[in-house]
Every structure is written in C-alpha cells, then in structure tokens.
C-alpha cells in the first residue's frame, strides 16, 4: 500500500483560523495575532493552504450550525411573540420558522421526493409527474424558424 501523507494543522495555524473566523479579523491581522513574523505574506500562504482552508470551512460551519443558528431561532421567536412587531414581520418570521422546520415551502415539497418511487401512492406519483412536466415545459423554448414570406402572407 502506498503511504498516505497525513497533514496536521499546527497550533499557530489553528490560532490564525480562530482569529480569522471567530474574531472576524482580516487575514493579515489574524496572521499577526497568531504570531507570524511576516503577517501579510503568511496570510497569503495560509489562505491557500488546503489544511488551513479545511479548518476554516470547519470553523465556519461550526459557527453557522451552533451560535448563529441559535441566535437566528431566538430572533425569529422574539419577533413572533413581540406585541409591537408589525404583522408583516410576524408572518415573515413564522413563515421562515415553518420553512426551516420543513413544514412549508421547498423543504415540504422535498419530503415527497425523499420517498422512493415504490413508496409513493398513485396520487403522489401523478403529482410528481405533473410537476416534472410543468418544470420541463417552462424550460422549453420555441425554436421554429419564422419565414419572412409566411409572415407577410399572413398579414
């Protein structure tokens, strides 16, 4: 078997990712705070390093799924129960919450498509076929050439 080279992220690279993603610093400032001697050059190299890029993606995903998701849910809840909030804001927040829960919108439509065709009822299959045909027909473009002689004869 071929040896697969495993690359580990250094503590200094981890610090760079922390300052860049968690502290929202620009790349040069993050490199300076992480202790790199030449922050501008190091920032350039680090933001092109596959190991560091993977760590950046992971840190961002963790932030999105953790802190930001909780904050967004709290914000939606606050708007929905706020007595002084405009009705439009309440409806928008409720709609967003239902979409995120998968009870409304595209996510709800995708529940039918998550079933295998064998699990679908004849009605579900018919709706699915109708939807596909509608989508296909909306993409169709008339490419019939218009002959000038035919056009002038018709007028």
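Ordered by the number of other Cβ atoms lying within 10 Å of each residue's own Cβ, fewest first, 38, 18 fall into the sequence 38, 18. Counting every other Cβ atom within 10 Å of each residue's Cβ, 120, 56 order from fewest to most as 120, 56.
Here the simple spin-label model places points 7 Å from the Cα toward Cβ, and for residue 146 and residue 12 these points are separated by 6.8 nm.
In this calculation the C-beta distance from residue 60 to residue 132 is compared with R0 = 35 Å, giving a FRET efficiency of 0.50.
Values quoted throughout were computed directly from the atomic coordinates according to the rules given, and no laboratory measurement underlies them. Because the structure is predicted, anything quoted here is derived from the model rather than measured. Positions of Cβ are backbone-derived with ideal geometry, glycine not excepted, and every protein chain shown enters the neighbour counts.
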